[in-house]
Each structure stands twice: as structure tokens, then as C-alpha cells.
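Notes follow once the structure below has been shown.
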Amino acid sequence: MDYLKEFNSLLQNLDRSKSVATVFDDFLSLATLSLAQPFYRSDQLERQYLEIVGRYTKEQANEFSQMLALIVLALDEKHQDFLGQVFSANNFGNARKGQFFTPYHVSKLMAQINFTDIENQLAEKDFVTLAEPCCGSGGIIIAFAETLKEQGYNYQHQLFVEAINIDETCFKMAYIQLSILGIPARVMLGDTLAWKFQKVLYTPFYFLNSFEYKLKYQQQEKKTPIVDGMKQLNLFEN
């Protein structure tokens, strides 16, 4: 099956009374909320989900579920920047904002080139950390995780990612893809240079693989103070 073609067909035909960009943004919000809610169990997230899905019919809501299933199948088939391809194929980018996504094969090459130092680090500690200050839809992170896997490492246990983007669409795309792939991460919406953030969300495998405690232990081993002024959840507040 051509998952990208099927996804785009559903996206473009789901609700013709709305722009494709609006439908895509609503889908990203619903998918983000669906993936986060089992771990946060927040009334705020539940209300947000019901408000968005209430704009659509029951049949359309089911089609949103089909779209999420297509992403799961596509990422299960191979590591790729699936949502980045959707974004580009539908011309959602804005050149004035500098939204040019790195082609996945280039991201993969970059990950492979820089792997030697990572291999040395993993020989000395349980996991490595990766900071992506302008993560887009998470393509470079996905390529790095794939490289770890190819080299015999389990990125779900041996990698922690801090992913940041100033654009909310990218924030949601990165969260969805990193969550589905099981990459432990803190995904943040905000300005990396100013270090100001509006929304912060942790992926499921951050909780499932106890990275809160692993990170604290690593910092204690280094005898450095734990500094994290951000709330663990600040997802849909202004």
C-alpha cells in the first residue's frame, strides 16, 4: 500500500467545507491529544479533544483514526519522516519562516557521519542525549534513532531527545512521530535562542522507560544541579 497517497487522499477529501490546512492542523491536534492522554490523564486534554472532534461528523472522526493508523503502519514499515512528506506534498510550508525540511536520506547520512563519537559514549554510559533546537517534524531525530538501531543499540532505552521548534505544526508533527516510534523525548514549542517555551510534552516512552529517574541519576552522577523550570505538562495554555 502507498501509505502517503492514501493519507493524502483522506486528508484532502475528509471535509471539503474546510481548507486542507485546517483539517491537517485539527488532525495533528487530535493525534497529539490521543497519544498523550493515556499518560497525562488530564481533563484539560479531554476537553480540548472533544472541542476539536465536535467540529466533525462521526464518519469524519473515524477517518481521522484511519489517518493515524496509516502513520503507524508507514513508520512500522520503515523509519522515515512521513509527516514531513505530507507537509511538503501539500505545500504547507512557509518559505518566509524558513520551513525547509531536510530530505530524509540527507538526515540519515548526517547521523551516520556523526555516529563514531556516539558509539564511544555508549561504551561508557547507559544512554546518550540528543538536542535538536529546530526539529521540524523530527526527521533528523528519526534518522539518528534508525542509525542507532542499525548499529545494534535499542534507542527506546539508550536515547533521550530534547526536541524544540518555534512552529506549533512542527511541534505536533514531531511529537506524533517520536511517540509512535517509541523515542523517549521532551518536545517543546518555543524559541530556542530566547529559551522561552509555551508548550512542553513528553513522549510515552519517556514514562514507560523511566527516563525521569534515569536523567536525575545521570545528573547526580555528574554532581550537577537538576535545573528544569518547565512544568511537565503545559500543552494547551496560552
Hey, among Glu162, Glu150, Glu146, which residue is surrounded by fewer than 23 Cβ atoms within 10 Å (Cβ to Cβ), within 25 Å of Trp195 (Cα to Cα), outside the structural domain of Leu70 (by TED's automatic domain parsing) and among the charged types (D, E, K, R)? Glu162
Residues being hydroxyl-bearing (Ser, Thr, Tyr) and either touching a Ser or Thr at 6+ places or on another chain (Cβ under 9 Å) or in a helix (DSSP H, G or I) (or both) - total across segment 174-224: 6
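Taking Leu4 as the residue in question, decide whether it is within 20 Å of the chain's Cα centre (by Cα) and not basic (Lys, Arg). Show your work before the answer.
Numbers: within 20 Å of the chain's Cα centre (by Cα): yes; not basic (Lys, Arg): yes.
Here the answer is yes, as Leu4 does meet what is asked.
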What number of residues within segment 48-64 satisfy the criterion of being surrounded by 12 or more Cβ atoms within 10 Å (Cβ to Cβ) and assigned to a helix (DSSP H, G or I)? 8
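May I ask you to verify whether Asn238 is at pLDDT 90 or above and polar (S, T, N, Q)? Please lay out each step first, then the result.
On the way: at pLDDT 90 or above: no; polar (S, T, N, Q): yes.
When the stated conditions are applied, Asn238 does not pass them.
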Taking the conditions exactly as written (assigned to a helix (DSSP H, G or I) and either modelled with pLDDT under 95 or closer than 29 Å to Gln37 by Cα (or both)), does Gln85 satisfy them or not? yes
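Return the residues of segment 173-197 that are out of contact with any Lys or Arg (no Cβ under 6 Å at 6 or more places or on another chain) and either among the small types (Gly, Ala, Ser) or over 23 Å from Ala111 (Cα atoms) (or both); say none if nothing qualifies. Explain how you work it out, then say what you get.
Step one: filter segment 173-197 for residues out of contact with any Lys or Arg (no Cβ under 6 Å at 6 or more places or on another chain), giving 173-188, 191-197.
Residues satisfying the conditions are Ala174, Ser179, Gly182, Ala185, Asp191, Leu193, Ala194, Trp195, Lys196, Phe197.
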Take the residues in segment 165-186 that are surrounded by fewer than 24 Cβ atoms within 10 Å (Cβ to Cβ) and among the β-branched types (Val, Ile, Thr); name whichever of them is nearest to Ala31 (Cα to Cα). Ile180
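Could you identify the single residue in Lys108, Lys125 that is basic (Lys, Arg) and either touching a Pro at 6+ places or on another chain (Cβ under 6 Å) or in contact (Cβ under 8 Å) with a residue 60 or more places away in the chain (or both)?
The conditions single out Lys125.
The values are calculated or read from the model by the stated rules, or taken from the named source; none is laboratory data. All values derive from a computational prediction rather than experimental measurement. Heads up, the Cβs are rebuilt from the backbone with ideal geometry, glycines too, and the neighbour counts pull from every protein chain shown.
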